């Protein structure tokens, strides 16, 4: 059974993030990348990346007629990065979070000049403003949202449309 385009894009994003695990080309040594289940089924950890879907909206101005018509959507994917550095670390939390964000952008966008199409699944993608989370001694983090615009058949969300 074919997967919905929105899910195929999520799988591609996770694949790019998974490539950071144990990869010496990034300053942040990512421990794991998680897509939580309905009941959470994960424990927050240092250097963990959590990928979740945010809101999706119909983009009427990018939809177009046809047989069947094509519907355009903008899906926000939340890339939540967790940090809990050692108390002996001399690096500031801001420095670590800034580097984590830079590494996330490199992992997603550094694959090719057409990174934003996610292998032909999307029309465009752009990173949105990062959201910093300060836990005052607990788990700190940063959310690196990315908005991905894609089209599907009006009657088949598994069918990519250009």
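The values are calculated or read from the model by the stated rules, or taken from the named source; none is laboratory data. Just so we're clear, the structure is a prediction, and the values are computed from it rather than from any experiment. For neighbour counting, all protein chains shown are included, and Cβ atoms are generated from backbone atoms with ideal geometry for every residue, glycine included.
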Only one of these conditions is not met by residue 158: (1) modelled with pLDDT under 95; (2) under 24 Å from residue 64 (Cβ atoms); (3) surrounded by fewer than 15 Cβ atoms within 10 Å (Cβ to Cβ). Which number is it?
(1)
Just one of the numbered conditions (1) surrounded by 13 or more Cβ atoms within 10 Å (Cβ to Cβ); (2) closer than 20 Å to residue 153 by Cβ is not true of residue 32; which one?
(2)
Given the options 26, 73, name the one that is surrounded by 17 or more Cβ atoms within 10 Å (Cβ to Cβ) and either within 16 Å of residue 125 (Cα to Cα) or without any contact (Cβ under 8 Å) to a residue 12 or more places away in the chain (or both).
73
Check region 94-115 and report whether any residue there is surrounded by fewer than 17 Cβ atoms within 10 Å (Cβ to Cβ) and over 18 Å from the mean Cα position of the chain (by Cα).
yes
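May I ask you to list the residues in region 87-102 that are assigned to a helix (DSSP H, G or I) and over 13 Å from residue 130 (Cα atoms)?
Looking only at region 87-102, we keep the residues that are assigned to a helix (DSSP H, G or I), and these are 93-102.
93, 95, 96, listed by residue number.
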If I ask for residues that are closer than 24 Å to residue 61 by Cβ and either surrounded by 14 or more Cβ atoms within 10 Å (Cβ to Cβ) or touching a strand residue (DSSP E or B) at 6+ places or on another chain (Cβ under 6 Å) (or both), which ones from region 129-155 would you list?
145, 146, 147, 148, 149, 150, 151, 152, 153, 154
Could you give me the residue pairs with C-beta distances under 8 Å whose first residue belongs to region 110-127 and is in contact (Cβ under 8 Å) with a residue 24 or more places away in the chain, whose second residue is assigned to a loop (DSSP other than H, G, I, E, B) and surrounded by fewer than 17 Cβ atoms within 10 Å (Cβ to Cβ) wherever it lies, and which are 6+ apart or on separate chains?
123/162
Whether any residue in region 36-51 is under 12 Å from the mean Cα position of the chain (by Cα), part of a helix (DSSP H, G or I) and farther than 29 Å from residue 156 by Cα is what I want to check.
no
Output the number of the condition that residue 122 fails; it satisfies all remaining conditions of (1) in contact with a strand residue (DSSP E or B) (Cβ under 6 Å, 6 or more places away or on another chain); (2) more than 19 Å from residue 60 (Cβ to Cβ); (3) not in a strand (DSSP E or B).
(2)
Give the residue that is modelled with the lowest pLDDT, with candidates limited to residues of region 52-75 that are part of a loop (DSSP other than H, G, I, E, B) and under 22 Å from residue 146 (Cβ atoms).
63
